[in-house]
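**Q** Here it is: the structure, laid out below.
The values are calculated or read from the model by the stated rules, or taken from the named source; none is laboratory data. In this text, all values refer to a predicted model and were calculated from it rather than measured experimentally. Here Cβ is always computed from backbone atoms with ideal geometry, including for glycine, and neighbour counts include all displayed protein chains. What goes into the accessible areas is simple: the full protein's heavy atoms, side chains included, and nothing from ligands, DNA or RNA. Shrake-Rupley method; radii C 1.70, N 1.55, O 1.52, S 1.80 Å.
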Amino acid sequence: MTPLSYFFCRLLWFSALLSGLGYGVVFLGCWLSSGLSYLGKDSAAATSLVRERYLADYLLTNAKLFGITLLLGALLGVYALLVLRGCGLHRRRPVLRSLIVVALLSLLALTVAFLRGPQLFIEPYLAGGLAAKLLDIVYRIGYPELFQLLLWGSLLPALLGLWKEAGAKALVPVMVLVSALSWWSLRPIVPVAGKGGNVILLLVDSLRSDRVSGLGYERQTTPEIDKRLADAAIFPNTYVPLPRTLPSLVYLLTGTWPQQHGIRTMFPRQDEFNRLPEALPENLGEAGFTTVAVADYAGEILHDLPVGFDRVSAPQFNFRSIYRQRSLETQWLLLGWLNNRLGRLLLPELALLPNNSDPEALVDRVLTTVGGLPEPFFLMVFMSAPHFPYTSRYPDDRLFADPDYQGPYRFATPFFLPEGHQRTSSDITQVNALYDGALHGADRALGRMLDTLKSQGYLNDSLIALTGDHGENLYEPDAGLGHGDHFFGGLQSVKVPLFVWGAGDRLPPGRYDAAVSSIDLAPTLLDLLQLPPLPQASGVSLLVRDETRPVYSETGLWMDPTNTEKFAEERIAYPGILETAEIDFSGGDEIVLREQYQHKVITARHRLLLDDDWALLYLPARNGVRYELFHLVSDPGMTRDLAAAEPVRLAEMREQMLDWLRMEPQAQLRRDYVVFPD
Ligand SMILES: [Zn+2]
């Protein structure tokens with residue numbers, strides 16, 4: 001190998017140093033201007049908590065990011081000079097020119113990152129000004145492949161430069177390294193062959209039954225699910241007992257109703273977890289299954305759930321994650337280069353950003369996990385993609401969207417609207433397009449996963465179920481956005497589809513239209529496997545289900561007291577999440593509900609009872625409990641309250657509701673309120 005000339009060596013050092021410094025300055029600029037906030041909310045309490053308790057970790061987190069940024073900048077400086085050498089442009093003002101090349105390469109990387117995942121750039125987009133204008137122009141151009149090609153194309157002059165300066169021998173190790181890295185980051189992941197006999201539970205967050213194209217939705221949102229429908233037992237009318245992720249998963253896995261244990265909010269205490277009844281993974285574990293859960297960001301709660309998984313592969317979330325995420329999500333230069341397989345290895349927080357959900361990355365992790373698992377296994381996959389803020393990656397972000405839409409919902413649902421912006425009908429159309437695009441991305445990833453597992457034999461004689469943890473309101477009239485606050489404006493936030501494959505003659509493929517509860521799934525799977533039932537489960541096997549049993553649901557914790565949706569004035573009030581929750585320093589710094597609000601949040605919740613085609617709403621207001629009655633077949637949007645017109649049915653269903661409320665432990669009924677005597 002020819003040694004580099006002294007002159008070129010010094011140039012390389014200069015270029016690396018200056019480029020690294022430039023990256024460092026940008027890092028500090030982003031860091032100092034971003035501040036501490038979570039989900040768009042600045043909190044003085046959270047900021048002072050970080051200062052008092054987490055300062056060392058906070059600084060260390062940023063020091064690590066700073067170190068990676070400096071290194072990245074320095075490497076780019078070297079690379080840029082090699083590109084110049086390859087083009088023969090290194091003789092005049094080489095260091096200045098190399099800095100220009102670094103800037104151009106950084107812009108290209110940012111462009112690719114933005115076009116592949118525009119939702120990560122929602123803050124500068126919403127801030128307006130020059131940055132927003134530039135983003136608009138780049139988004140209109142589209143084609144991330146083109147910019148990616150330009151970026152890869154710069155390898156040619158760089159390699160030529162290396163060859164010119166250091167000879168052909170220097171090329172060999174560099175080419176090997178570049179090829180190995182490219183192969184590693186682009187390779188398809190396929191596990192070695194398996195035997196089968198497994199149980200696979202697929203959960204898609206916020207999966208609405210009426211948005212599955214094979215169940216009648218007009219947009220082609222779920223082609224992969226659709227092509228498997230002929231072999232599925234389909235329950236399009238499955239209702240969850242409480243439309244919030246953590247409680248819903250608890251009920252699904254234990255087959256229990258909310259009042260059977262203490263898990264009623266997203267923020268349970270450790271002692272409430274300790275009281276959980278036996279769950280499906282424990283039962284399957286005892287029967288010889290290896291039990292594993294693989295999840296992305298909204299499935300972080302699986303780490304806390306003591307339900308008997310041998311292994312949980314999911315990002316961790318606690319108070320530390322809030323500032324770790326924040327520190328990362330405003331470092332644009334890092335995101336430009338590292339939002340990929342290598343980046344996720346270096347910066348695991350990338351997988352936690354709600355704005356960065358990538359179902360394909362989750363499926364890669366599932367396939368890697370399955371490769372080493374002893375069979376038979378119980379695999380639960382939790383996919384967050386269609387969850388708020390409904391982000392998807394290219395091309396799903398554009399699939400259903402109006403290309404001319406330019407409002408604040410363009411790339412993702414913002415946590416707060418810009419000052420003075422009133423929501424328009426085109427905003428609502430865009431939110432729905434974003435959700436449908438995210439669902440399409442989730443469906444594609446699920447299809448790849450099932451195809452790969454099938455081709456490797458893992459699905460032979462296996463039982464597969466697919467459902468959601470809850471549905472979603474998407475600005476239907478009276479419904480607002482989200483899930484878990486109320487049941488107004490239709491049942492899209494509680495209704496999920498349930499598909500079961502591989503059940504054989506005992507649950508043959510076909511459509512089963514009766515209303516069922518998601519707590520029936522675990523008993524059904526155990527029945528199909530001919531294993532003992534869960535001792536405390538209230539759910540019943542769908543193989544024997546009595547179709548006259550009513551189905552119940554209730555709302556969760558209100559996060560925001562300033563909510564102005566329907567009934568917000570009359571509902572029983574309590575403060576917002578910053579006051580009702582605290583950090584439990586005794587157990588992993590988890591966010592938990594304060595003891596003094598435990599009872600009030602149960603008294604205040606809305607309840608839903610479904611019977612035949614009727615829905616009864618139980619609404620505890622400050623001046624008495626109100627009931628509303630709806631006929632779901634003629635009025636699915638629940639706009640005509642028939643409580644006065646149908647007194648007999650109202651009385652019957654009210655009695656059923658009161659019977660259910662009497663199951664509330666330690667509580668009494670007074671004037672239909674659920675009250676807790678001191
Ligand atoms: Zn969820």
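**Q** Based on what the data block shows, is Arg549 basic (Lys, Arg), more than 23 Å from Met266 (Cα to Cα) and over 23 Å from the mean Cα position of the chain (by Cα)?
**A** yes
**Q** Report the residue count in region 591-643 for those that are among the acidic types (Asp, Glu) and under 19 Å from Gly484 (Cα atoms).
**A** So the answer is 1.
**Q** All but one of (1) within 16 Å of the ligand (Cβ to nearest atom); (2) open to solvent by 10 Å² or more (accessible area, probe 1.4 Å) hold for Asp205, so report the exception by its number.
**A** The single condition Asp205 does not satisfy is (2).
**Q** For region 210-249, which positions are within 16 Å of the ligand (Cβ to nearest atom) and either open to solvent by 30 Å² or more (accessible area, probe 1.4 Å) or farther than 27 Å from Asp461 by Cα (or both)?
**A** Arg211, Tyr239, Val240, Pro241, Leu242, Pro243, Arg244, Thr245, Leu246, Pro247, Ser248
**Q** Counting only residues that are free of Cβ contacts under 8 Å to residues at least 60 places away in the same chain and under 19 Å from the mean Cα position of the chain (by Cα), which one in region 431-457 is farthest from the ligand (Cβ to nearest atom)?
**A** Step by step, filter region 431-457, then rank; the result is Ala433.
**Q** Could you please let me know if Thr256 is outside any helix (DSSP H, G or I), within 16 Å of the ligand (Cβ to nearest atom) and hydroxyl-bearing (Ser, Thr, Tyr)?
**A** No, not satisfied.
**Q** When you scan region 112-122, do you find a residue that is part of a helix (DSSP H, G or I) and surrounded by fewer than 19 Cβ atoms within 10 Å (Cβ to Cβ), even just one?
**A** No, every residue in region 112-122 fails to be part of a helix (DSSP H, G or I) and surrounded by fewer than 19 Cβ atoms within 10 Å (Cβ to Cβ).
Conditions (1) under 21 Å from the mean Cα position of the chain (by Cα); (2) buried (at least 22 other Cβ atoms within 10 Å of the Cβ); (3) touching a residue at least 40 places away in the same chain (Cβ under 8 Å), marked per residue:
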position	(1), (2), (3)
Asp304	yes, no, yes
Asp310	no, no, no
Arg320	yes, no, yes
Asn339	yes, yes, yes
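**Q** Separate question: In region 458-469, how many residues are at negative phi and either within 16 Å of the ligand (Cβ to nearest atom) or of a type in the set (Asp, Glu) (or both)?
**A** Residues meeting the conditions: 4.
**Q** Related question: Within region 638-678, how many residues turn out to be open to solvent by less than 30 Å² (accessible area, probe 1.4 Å) and out of contact with any Phe, Trp or Tyr (no Cβ under 7 Å at 6 or more places or on another chain)?
**A** Within region 638-678, residues that are open to solvent by less than 30 Å² (accessible area, probe 1.4 Å) and out of contact with any Phe, Trp or Tyr (no Cβ under 7 Å at 6 or more places or on another chain) number 6.
**Q** How many residues are in a strand (DSSP E or B), open to solvent by less than 10 Å² (accessible area, probe 1.4 Å) and away from the ligand (no atom under 16 Å from the Cβ) when one looks only at region 472-490?
**A** Total satisfying the criteria: 1.
**Q** Within region 372-391, work out how many residues are away from the ligand (no atom under 16 Å from the Cβ), open to solvent by 10 Å² or more (accessible area, probe 1.4 Å) and not acidic (Asp, Glu).
**A** Residues flagged as away from the ligand (no atom under 16 Å from the Cβ), open to solvent by 10 Å² or more (accessible area, probe 1.4 Å) and not acidic (Asp, Glu) within region 372-391 amount to 4.
**Q** Can you tell me how many residues in region 259-277 are under 26 Å from Leu373 (Cβ atoms) and in a helix (DSSP H, G or I)?
**A** Here the count works out to 1.
**Q** Okay, moving on. Scanning region 273-301 for residues that are modelled with pLDDT under 90 and in contact with a strand residue (DSSP E or B) (Cβ under 9 Å, 6 or more places away or on another chain), which turns out nearest to the ligand (Cβ to nearest atom)?
**A** In this case the residue turns out to be Ala298.
**Q** When residues of region 175-202 are filtered for being part of a strand (DSSP E or B) and away from the ligand (no atom under 16 Å from the Cβ), how many remain?
**A** 2
**Q** Please go through (1) surrounded by 20 or more Cβ atoms within 10 Å (Cβ to Cβ); (2) farther than 30 Å from Gly197 by Cβ; (3) of a type in the set (Asp, Glu) for Asp271 and return the number of the only condition it doesn't satisfy.
**A** (1)
**Q** Please determine, by comparing only the residues of region 491-508 that are touching a Ser or Thr at 6+ places or on another chain (Cβ under 7 Å) and open to solvent by 20 Å² or more (accessible area, probe 1.4 Å), which one is farthest from the ligand (Cβ to nearest atom).
**A** Top of the filtered list is Gly502.
**Q** Limited to region 276-289, what total is found for residues that are under 26 Å from the mean Cα position of the chain (by Cα) and open to solvent by 30 Å² or more (accessible area, probe 1.4 Å)?
**A** 1
**Q** If a residue has to be part of a helix (DSSP H, G or I) and crowded, with 21+ Cβ neighbours inside 10 Å to count, how many in region 442-471 make the cut?
**A** 7
**Q** Just to be sure I understand, how many residues within region 146-158 are open to solvent by less than 90 Å² (accessible area, probe 1.4 Å) and out of contact with any helix residue (DSSP H, G or I) (no Cβ under 6 Å at 6 or more places or on another chain)?
**A** The qualifying residues number 2.
**Q** Does any residue of region 229-239 turn out to be assigned to a loop (DSSP other than H, G, I, E, B) and touching a residue at least 60 places away in the same chain (Cβ under 8 Å)?
**A** Scanning region 229-239 turns up no residue that is assigned to a loop (DSSP other than H, G, I, E, B) and touching a residue at least 60 places away in the same chain (Cβ under 8 Å).
**Q** Which one is least open to solvent (accessible area, probe 1.4 Å) among residues in region 394-404 that are part of a loop (DSSP other than H, G, I, E, B) and not hydroxyl-bearing (Ser, Thr, Tyr)?
**A** Checked region 394-404; the qualifying residue least open to solvent (accessible area, probe 1.4 Å) is Ala401.
**Q** Something else about it: Restrict the check to region 153-174 and report whether at least one residue is within 28 Å of Ser15 (Cβ to Cβ) and not in a helix (DSSP H, G or I).
**A** Yes, that holds for at least one residue.
**Q** Among the residues that make up region 641-659, is at least one of them at pLDDT 95 or above, assigned to a loop (DSSP other than H, G, I, E, B) and under 30 Å from Gly576 (Cβ atoms)?
**A** Yes, region 641-659 contains a residue that is at pLDDT 95 or above, assigned to a loop (DSSP other than H, G, I, E, B) and under 30 Å from Gly576 (Cβ atoms).
**Q** Which condition number does Gly539 fail, the rest of (1) touching a Pro at 6+ places or on another chain (Cβ under 6 Å); (2) modelled with pLDDT of 95 or more being met?
**A** (2)
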